[in-house]
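In what follows, a single structure is set out as structure tokens and then discussed.
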Amino acid sequence: MGASKKTFFLLLLTLLSSTVSATEKPVIIDRSDLSGKEFIGNISINGIRGSFDDAIRALQGKAEKLGGSQLNITALGTPGDSSLWSGNAKVYR
């Protein structure tokens with residue numbers, strides 16, 4: 001492989017890794033990790049069909065739209081034996 005091809009692949013790899021890190025979902029943090037974080041708002045979900053992971057992803061998506069990089073989930077569950085999830089979280093950056 002020539003030097004120009006190696007340079008191209010290294011550049012491509014760098015761009016791809018930058019894109020991946022720019023699209024990371026907000027991280028879930030514990031209450032004990034809130035010190036020094038900037039609170040930017042509350043979010044909630046309601047009627048999310050699917051699994052626990054689907055509900056987490058929905059909260060992360062809302063936090064991301066709000067500009068947050070971290071969230072603290074304050075409530076998450078399904079009423080009765082429903083498969084529809086509801087939840088609340090506080091968003092930080």
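The set of residues from the range 64-93 being open to solvent by 70 Å² or more (accessible area, probe 1.4 Å) and among the aliphatic types (A, V, I, L, M) comprises just one member, LEU66. Filtered by the rule that a residue be surrounded by 13 or more Cβ atoms within 10 Å (Cβ to Cβ) and out of contact with any Pro (no Cβ under 7 Å at 6 or more places or on another chain), the range 53-63 gives ASP54, ALA55, ILE56, ARG57, ALA58, LEU59, GLY61, LYS62. Close Cβ contacts (under 7 Å, 6 or more residues apart or on different chains) running from residues in the range 25-42 that are β-branched (Val, Ile, Thr) to residues that are open to solvent by 80 Å² or more (accessible area, probe 1.4 Å) comprise ILE40/ARG93.
Here the range 77-93 is the region considered, the condition is being more than 13 Å from ILE45 (Cβ to Cβ) and hydroxyl-bearing (Ser, Thr, Tyr), and the residue that is farthest from the chain's Cα centre (by Cα) is SER82. How many residues are assigned to a strand (DSSP E or B) and surrounded by fewer than 19 Cβ atoms within 10 Å (Cβ to Cβ) when one looks only at the range 40-52? Going through the range 40-52 one residue at a time, the tally reaches 7.
The values are calculated or read from the model by the stated rules, or taken from the named source; none is laboratory data. Computed from a predicted structure; not experimentally measured. Glycine gets a Cβ as well: all are built from the backbone with ideal geometry, and neighbour counts include every protein chain shown. Calculation scope for accessible area: heavy atoms of the full protein, side chains included, ligands and nucleic acids excluded. Shrake-Rupley method; radii C 1.70, N 1.55, O 1.52, S 1.80 Å.
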